1. Tell me the carbon and sulfur percent of the accessible area for the chain, rounded to whole percent, probe radius 1.4 Å.
2. Hey, what's the Cα Rg ratio for the chain versus the globular rule of thumb, 2.2 N^0.38 Å?
3. Mind listing the long-range amide H neighbours of residue 188? Cut-off is under 5 Å, sequence gap 5 or more, other chains count too, H placed in the peptide plane at 1.01 Å from N.
4. How many Å² of accessible area per residue for the chain, probe 1.4 Å?
5. Just to be sure I understand: with springs between alpha-carbon atoms less than 10 Å apart, which residue in 246, 205, 28 has the highest mean-square fluctuation in the Gaussian network model of the chain?
6. Using only Cα atoms, figure out Rg for the range 8-82 and give it as a multiple of 2.2 N^0.38 Å.
7. What do you get when you divide the Cα radius of gyration of the range 1-134 by 2.2 N^0.38 Å, with N the number of residues?
8. Let me have the relative contact order for the chain, percent, based on Cα pairs under 8 Å that are six or more residues apart.
Amino acid sequence: MVAIMRSKVIIVEGIPGSGKTTTAKHIEKILKEKDIPVKLFLEGSLDQPADYEYTGCLNEEQFEELVGKHPEDRELIARFTVKKGDNFFISYMKLYDENKEKQSLIDDIAAYDVYELPLEKHLPVALEKWKEFSEKAANEEAVYIFECCFIQNPLTVMLGKHGAPSGQIRKHVLEIAETIKGLNPIVIYLHQDNIRETIERVIPERPEAWYNGIIQYFTEQGYGKAQGLEGFDGFVKVLEKRRELELELIEELPFQSLVIDNSDRDWEKIYREIDEMITGKVTAV
């Protein structure tokens with residue numbers, strides 16, 4: 001008997017500290033135990049097939065200007081560049097990992113990071129990436145497991161950075177949902193009742209730079225700035241707004257989702273719920 005997973009992608013979502021990484025790794029483990037081929041991509045993976053991490057997006061004029069500024073690195077730039085339509089995508093963190101002495105070049109590419117683009121350019125670029133992934137995954141046997149990126153990343157850039165209205169956020173996320181609907185996705189959302197306590201618990205586990213950077217990101221621009229929010233308290237309020245929107249979106253998804261209250265971090269109970277869902281999606285042939 002061969003086990004086949006009817007869903008091609010499983011996405012784990014939730015606020016920082018909700019247990020997304022632990023959950024994604026558990027799902028990978030149980031699928032492997034069933035001999036189902038699986039590909040796990042945790043948050044920040046440079047090879048994320050449905051999203052851009054540390055990637056510059058330049059139009060032809062910007063690309064030629066970059067190469068003109070760094071003519072000695074033309075071949076190096078080309079090695080980490082993929083042209084799609086009118087855009088040049090440069091994986092600058094991969095370039096940095098192999099060429100740490102090229103800081104000036106890295107900085108020039110990072111200025112065009114996909115997540116630094118104006119929304120009118122970022123949104124179609126992000127949506128097209130999901131379309132590419134959907135077409136690729138449909139022709140593979142493997143099940144993809146993503147930590148966040150489906151809801152978290154759009155809300156981070158749209159709400160956190162740009163303060164976009166909820167209607168625009170909803171439209172974009174649901175467009176992505178329609179794009180991947182044919183993969184029979186499963187979204188698992190880890191709900192935290194008390195966001196303040198959750199963040200306070202994870203602060204000692206994270207680098208200080210993460211703590212300072214994330215507070216600055218969410219309070220000095222976008223929704224946080226518009227609401228006059230500051231410091232840790234302001235950051236918590238932004239996350240509470242994000243959670244509100246995320247849960248509303250979960251209700252509208254055109255495919256299966258599971259909201260798990262992980263406030264008490266009862267992993268035995270959580271794993272039992274997830275295992276039951278996964279088992280129901282496996283067919284023996």
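1. Result for the chain: 47 percent of the exposed heavy-atom area is carbon or sulfur.
2. Dividing the Cα Rg of the chain by 2.2 N^0.38 Å gives 1.05.
3. Correct list: 11, 12, 13, 258.
4. 48
5. 205
6. 1.62
7. 1.27
8. Across the chain, relative contact order equals 30 percent.
The values are calculated or read from the model by the stated rules, or taken from the named source; none is laboratory data. No experiment lies behind these values; they were computed from the predicted model shown. Heavy atoms of the whole protein, side chains included, go into the accessibility calculation; ligands, DNA and RNA do not. Shrake-Rupley method; radii C 1.70, N 1.55, O 1.52, S 1.80 Å.
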